[in-house]
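Okay, structure first, notes after.
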Amino acid sequence: MSPRARLALIACFAAVALVCARLGLWQMDRLRERRAANMAALAARSAPRVRLDTITPITTQLDGREVSATGRYDHEHDVVLRGRVYDGSPGVEVVTPLVLQGGRTAVLVNRGFLPAADAVTAQTDSVREFGRVQVNGTALLLPSRGGSPLERGGHTTWARLDREALSALVPYSIAPVYIRQSPDTALPPFPRRLAPLPIDDGPHLSYAIQWFAFAAMAVVFGGVILKTKSVSGKR
């Protein structure tokens, strides 16, 4: 290998090491942010349960709080979220507007998972719940857009919730948070209610370790090439 090519290769390994080290530091920053958010989420989840039907207006400050709401489901406007998986089985999630007392406001309720072989097609008629119901769960921010509706066989499914698009389809206002309904043995077996979202560090620490390992490998390879140059020079 010529001296110029060897120097170029060493410079490349040095650049790779710097980039990988920077990515590792970025993941550590993400980890610190995640842990700060986890502390806020734990504080919100441990706070006293809030009754949504006694609050006017319902605000985004309830994000992460344990809540309850009483009303009637509007099954004519059920929302099917496609492409979901539960314990390895494909399916959908069923979200239903819960119309609160007075009928002017509704809060969307993620009632849980319904199996579907293609993770798209599901009949929700058999899992309707009638009458006045009380819902307990966690309040989560409702995305304002990006629902990506898909129509197939006369039925519309959504990739995710979309407050702006769904508000145009119903005769009442939709709260800026939705409820992820908590599991309860008193509820029907389907839709299968979903456990609360986990509060953990996520993959950031493992990603950081990987990037730092790549940086170390680049340094080692660069050092080997540099040492080879030195040995060759002595000869």
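Scan the range 13-20 and tell me whether some residue there is outside any helix (DSSP H, G or I) and open to solvent by 60 Å² or more (accessible area, probe 1.4 Å). Steps first, answer last, please.
So in the range 13-20, the residues outside any helix (DSSP H, G or I) come out as none.
Within the range 13-20, not a single residue is outside any helix (DSSP H, G or I) and open to solvent by 60 Å² or more (accessible area, probe 1.4 Å).
How many of the residues in the range 139-166 are open to solvent by less than 20 Å² (accessible area, probe 1.4 Å), touching a residue at least 60 places away in the same chain (Cβ under 8 Å) and not in a strand (DSSP E or B)?
2
Quick check on my filter: what residues within the range 200-215 are hydrophobic (A, V, I, L, M, F, W, C) and surrounded by 14 or more Cβ atoms within 10 Å (Cβ to Cβ)?
Hits for the range 200-215 are L205, A208, W211, F212, F214, A215.
Checking the conditions here, which among D63, D74 is open to solvent by 20 Å² or more (accessible area, probe 1.4 Å) and touching a Leu at 6+ places or on another chain (Cβ under 7 Å)? Steps first, please.
Details: D74 fails: touching a Leu at 6+ places or on another chain (Cβ under 7 Å).
Only one candidate qualifies: D63.
Tell me the residue from R45, R51 that is open to solvent by 80 Å² or more (accessible area, probe 1.4 Å) and either modelled with pLDDT of 90 or more or in contact with a strand residue (DSSP E or B) (Cβ under 7 Å, 6 or more places away or on another chain) (or both), please. If you could, list the steps in order and put the result at the bottom.
Numbers: R45 fails: open to solvent by 80 Å² or more (accessible area, probe 1.4 Å).
On inspection, the qualifying residue turns out to be R51.
What are the pairs, 6+ residues apart or on separate chains, where a residue within the range 41-66 that is free of Cβ contacts under 8 Å to residues at least 60 places away in the same chain has its Cβ under 8 Å from a residue that is open to solvent by 30 Å² or more (accessible area, probe 1.4 Å) and part of a loop (DSSP other than H, G, I, E, B)?
A44/D63; A44/R65; A47/R65; D53/Q101
Given Q134, Q123, which one is in contact with a strand residue (DSSP E or B) (Cβ under 7 Å, 6 or more places away or on another chain) and more than 18 Å from D63 (Cβ to Cβ)? Break it down stepwise before answering.
On the way: Q123 fails: in contact with a strand residue (DSSP E or B) (Cβ under 7 Å, 6 or more places away or on another chain).
Being in contact with a strand residue (DSSP E or B) (Cβ under 7 Å, 6 or more places away or on another chain) and more than 18 Å from D63 (Cβ to Cβ) holds for just one of Q134, Q123, which is Q134.
Answer yes or no: is there a residue in the range 210-221 that is in a loop (DSSP other than H, G, I, E, B), touching a residue at least 40 places away in the same chain (Cβ under 8 Å) and of a type in the set (A, V, I, L, M, F, W, C).
Initial filter on the range 210-221 (in a loop (DSSP other than H, G, I, E, B)): none.
Within the range 210-221 (the criterion being in a loop (DSSP other than H, G, I, E, B), touching a residue at least 40 places away in the same chain (Cβ under 8 Å) and of a type in the set (A, V, I, L, M, F, W, C)), the answer is no, since none of the residues qualifies.
Can you name every residue in the range 68-121 that is within 15 Å of Q181 (Cα to Cα), within 22 Å of the chain's Cα centre (by Cα) and aromatic (F, W, Y)?
F113
All but one of (1) surrounded by 12 or more Cβ atoms within 10 Å (Cβ to Cβ); (2) modelled with pLDDT under 90; (3) out of contact with any strand residue (DSSP E or B) (no Cβ under 8 Å at 6 or more places or on another chain) hold for L197; state the number of the condition that does not hold.
(3)
Any chance you could count how many residues in the range 130-150 are out of contact with any Gly (no Cβ under 9 Å at 6 or more places or on another chain) and hydroxyl-bearing (S, T, Y)?
2
Could you list all residues from the range 189-206 that are closer than 30 Å to V127 by Cα and either acidic (D, E) or in contact with a Leu (Cβ under 9 Å, 6 or more places away or on another chain) (or both)?
If we filter the range 189-206 for residues that are closer than 30 Å to V127 by Cα, which is where we start, we get 189-199.
Passing the criteria: F190, P191, R192, R193, L197, I199.
Can you confirm whether N136 is open to solvent by 30 Å² or more (accessible area, probe 1.4 Å), of a type outside the set (K, R) and not in a loop (DSSP other than H, G, I, E, B)? Break it down into steps so the answer makes sense when it comes.
Values: open to solvent by 30 Å² or more (accessible area, probe 1.4 Å): yes; of a type outside the set (K, R): yes; not in a loop (DSSP other than H, G, I, E, B): yes.
Here the answer is yes, as N136 does meet what is asked.
The values are calculated or read from the model by the stated rules, or taken from the named source; none is laboratory data. Just so we're clear, the structure is a prediction, and the values are computed from it rather than from any experiment. Methodologically, a virtual Cβ is constructed for each residue, glycine included, from the backbone with ideal geometry; neighbour enumeration extends over all protein chains shown. Accessible surface areas use protein heavy atoms only, side chains included; no ligands, DNA or RNA. Shrake-Rupley method; radii C 1.70, N 1.55, O 1.52, S 1.80 Å.
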